[in-house]
Amino acid sequence: MANRTLHMVSLGCPKNLVDSEVMLGSLLETGYRVIDDPAKAALILVNTCAFIDASKKESVDAILEMAAQKESGSCERLVVTGCLAQRYVDALRHEIPEVDLWVGTGEFQNIAALVAEPPADGVAVANPVYVYDSRVTRVNSRPAHSVYVKVSEGCGNPCTFCIIPKLRGDLRSRAISDIAAEVANLASRGMFEVNLIAQDLNAYGADRHDGTDLAKLLRAIARIDGVGWVRLHYLYPRPFPRDLLSAIAEEPRVAKYIDIPFQHISDRILRAMKRGRGEKFHRELVEKLRAAIPRVSLRTSLIVGFPGETDRDFERLYDFVEEMRFDHVGVFEYSPEEGTPAGTMRRQVPARVKAERRHRLLTLQRRLSRERLAAYVGREVDVLVDEVAEQARGRLESQAPEVDGHVVLRGSCRPGDLVRARIASSGDYDLSAEVVQILQPSRLASTSRTPATSAQIQLASRALPVIG
Ligand code: SF4
């Protein structure tokens, strides 16, 4: 194609966003230029999500919206990648003939070659065995001071509600030295916060059988110049080894923040979900984390309306949230997925009941969050500045990007600055504060513009259920 302009739509979770950035890197290396207007792009790529109904619908809507560009715009080739392609290519390729190329989660690393010479049938779907490494060119589409780094791909857990192992394959972990090389490179470009992601972060290294584990990874990354916060996402609720607890507690650069999706608390439901452990273990784990890691912030995710969930099961979950007072909670309605054991379970819960239960839990968490944040008023805290637009906004160490609320800042500051700020007021999820001093100025080059900014990549960040 002579016209080497590219527009990308990236849907789903941060792990899928990293795949988008890897694909962008290889396409830019073959001469493509990212533009933000799909009407002017010769190549349009939609990287999809297919975790639950809502995300599948969003993906199909985005594909159809981009397919219209083949009629009215400059689009010569429409490519669909990601989980929807991996899961539904056989059906969708006939339903949406405007799509020229379907590339699954097992082939996205070959995107440049596939776009240059598409297979005759327009389909490249294989079992996923690949995980990127520090040698690939990855385009960072988010603000460069806060970056997601995927440390492993795939998952070996049997959660009965989850289709991910079928879409992403078995666990495969990168080497510590390789991840450290990527982090050092990102830190040299001004990154302050590294967000470690995986399907199941604390299974990291288990597949390598060489002593590689999360504790060693944290110790290695925490020593890299420029790294300010190392944040942990998607830790599966299993026993935390002593050295992992001490690495999180002792390393000053490891954020005292743990995202641990419990999904439920009732023994009966946890058994039906095949989560491996029951209520007693989950409650003791929260206590153990809070005892071992002073000031630790806990985020969890819960599913309501799992098949067979009774009022009594739900009240147990409600009491658990009220007692544990998590810093952040995501609540999702169970979505029956074909191809998962739970999808064919009897006693599916009516949609109305799911919605009521989700509403009750979110209302409870809003109150708990408001009470917790009110205690910040008058205190001085460290805030990482994310953006300075109409309003300056940043986050505390206890607030992850995109999901956990933020701090509205008054006073002079720049993206990537770490500032000391005095909290003036609090709300349900957000705070507002006055900048007192710049603790650590941003190391982002004032002129730094990634080859593809988030403005140019249509990032539809929808609040999808957190797996793990
Ligand atoms: S919910 Fe998470 S841990 Fe369970 S199978 Fe899915 S990706 Fe793996």
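The values are calculated or read from the model by the stated rules, or taken from the named source; none is laboratory data. Note that the coordinates shown come from a computational prediction; the quantities given were computed from them, not determined experimentally. Neighbour counts run over all protein chains shown; Cβ positions are idealised from the backbone, glycine included. Please note that ligands, DNA and RNA were not included when accessible areas were found on the heavy atoms of the full protein model with its side chains. Shrake-Rupley method; radii C 1.70, N 1.55, O 1.52, S 1.80 Å.
Listed values, structure above:
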| quantity | calculated |
| --- | --- |
| Test set (1) under 20 Å from R168 (Cβ atoms); (2) not in a helix (DSSP H, G or I) - V22 fails condition number | (2) |
| Positions within region 140-184 being within 16 Å of the ligand (Cβ to nearest atom) and modelled with pLDDT under 95, in sequence order | none |
| Index of the failed condition, K57 passing every other in (1) in a strand (DSSP E or B); (2) under 30 Å from E338 (Cβ atoms) | (1) |
| Residue list for region 237-258, filter: within 16 Å of the ligand (Cβ to nearest atom) and crowded, with 20+ Cβ neighbours inside 10 Å | P237, F240, I258 |
| Flag if P128 is touching a Ser or Thr at 6+ places or on another chain (Cβ under 9 Å), outside any strand (DSSP E or B), in contact (Cβ under 8 Å) with a residue 40 or more places away in the chain and open to solvent by less than 30 Å² (accessible area, probe 1.4 Å) | yes |
| Lone unmet requirement of (1) touching a Cys at 6+ places or on another chain (Cβ under 8 Å); (2) modelled with pLDDT under 95; (3) under 30 Å from Y334 (Cβ atoms) for Q69 | (3) |
| Pairs where the first residue, in region 56-77, is farther than 24 Å from L167 by Cα and the second is among the aliphatic types (A, V, I, L, M) and open to solvent by 50 Å² or more (accessible area, probe 1.4 Å), C-beta under 7 Å, 6+ apart | E76/M1; R77/M1 |
| Failed item in (1) under 15 Å from V321 (Cβ atoms); (2) within 16 Å of the ligand (Cβ to nearest atom), with E279 passing the rest | (2) |
| Residue match in region 259-273 (condition: away from the ligand (no atom under 15 Å from the Cβ), under 22 Å from A180 (Cα atoms) and outside any helix (DSSP H, G or I)) | no |
| Filter pass, F306 being assigned to a helix (DSSP H, G or I) and among the aromatic types (F, W, Y) | no |
| Count of region 169-195 residues which are surrounded by fewer than 23 Cβ atoms within 10 Å (Cβ to Cβ) and basic (K, R) | 2 |
| Selection from region 51-66 of residues that are at pLDDT 95 or above, open to solvent by less than 50 Å² (accessible area, probe 1.4 Å) and not small (G, A, S) | K56, E58, V60, I63, M66 |
| Count of region 103-121 residues which are open to solvent by less than 50 Å² (accessible area, probe 1.4 Å) and farther than 23 Å from V34 by Cα | 2 |
| Selected residue (only one of L218, L201, L235, L214 is in contact (Cβ under 8 Å) with a residue 12 or more places away in the chain and over 17 Å from G156 (Cα atoms)) | L218 |
| Residue in region 185-208 that is of a type in the set (V, I, T) and within 16 Å of the ligand (Cβ to nearest atom) present | yes |
| Checking S266 against (1) out of contact with any strand residue (DSSP E or B) (no Cβ under 9 Å at 6 or more places or on another chain); (2) within 27 Å of R443 (Cα to Cα); (3) open to solvent by less than 20 Å² (accessible area, probe 1.4 Å), the condition it does not meet | (2) |
| Residue among V79, V89 that alone is open to solvent by less than 40 Å² (accessible area, probe 1.4 Å) and outside any helix (DSSP H, G or I) | V79 |
| Subset of region 330-362 (residues that are within 21 Å of S297 (Cβ to Cβ) and open to solvent by 20 Å² or more (accessible area, probe 1.4 Å)) | F332, L362 |
| Whichever residue in region 209-233 is within 16 Å of the ligand (Cβ to nearest atom) and touching a strand residue (DSSP E or B) at 6+ places or on another chain (Cβ under 6 Å) and, among such residues, is nearest to E250 (Cα to Cα) | L232 |
